[in-house]
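Derivation of every value follows stated rules applied to the coordinates shown; laboratory data play no part. Since the structure is predicted, the reported quantities are computational estimates derived from the model, not experimental observations.
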Ligand SMILES: [Zn+2]
Ligand SMILES: [Zn+2]
């Protein structure tokens with residue numbers, strides 16, 4: 001789930017304490033969720049994990065908590081995608 005491109009994250013994962021939580025769009029249902037790039041936990045509502053890094057996760061990759069599909073792929077939102085989703089206020093910083 002990680003690559004070398006810098007991209008926005010919304011905070012550090014409170015579970016693995018290693019990963020950064022980033023915004024992704026489900027390629028099956030187009031829902032925007034937050035995913036940890038280390039442990040791959042998924043939070044259905046990005047604002048919840050942004051406000052509380054220990055908020056319980058709703059699913060784990062490759063399941064989607066929104067469409068309940070057991071195996072989906074995700075597209076990481078770039079800055080334009082985050083803006084289009086109206087989630088810029090959640091962004092905590094950019095990093096690889
Ligand atoms: Zn994590
Ligand atoms: Zn989905």
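At-a-glance table
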| read-out | value |
| --- | --- |
| GNM flexibility winner over the chain from 34, 59, 84 (Cα, springs under 10 Å) | 84 |
| Linear extension gain, residue 29 paired with residue 47, 0.36 nm per residue minus alpha-carbon span | 4.6 nm |
| Length-normalised contact order of the chain in % [C-alpha pairs under 8 Å, at least 6 apart] | 33 |
| Spatial separation of Cα centroids for region 62-96 and region 6-28, in angstrom | 8 |
| Full-stretch length increase - residue 89, residue 75 - with 0.36 nm per residue and alpha-carbon distance subtracted | 3.1 nm |
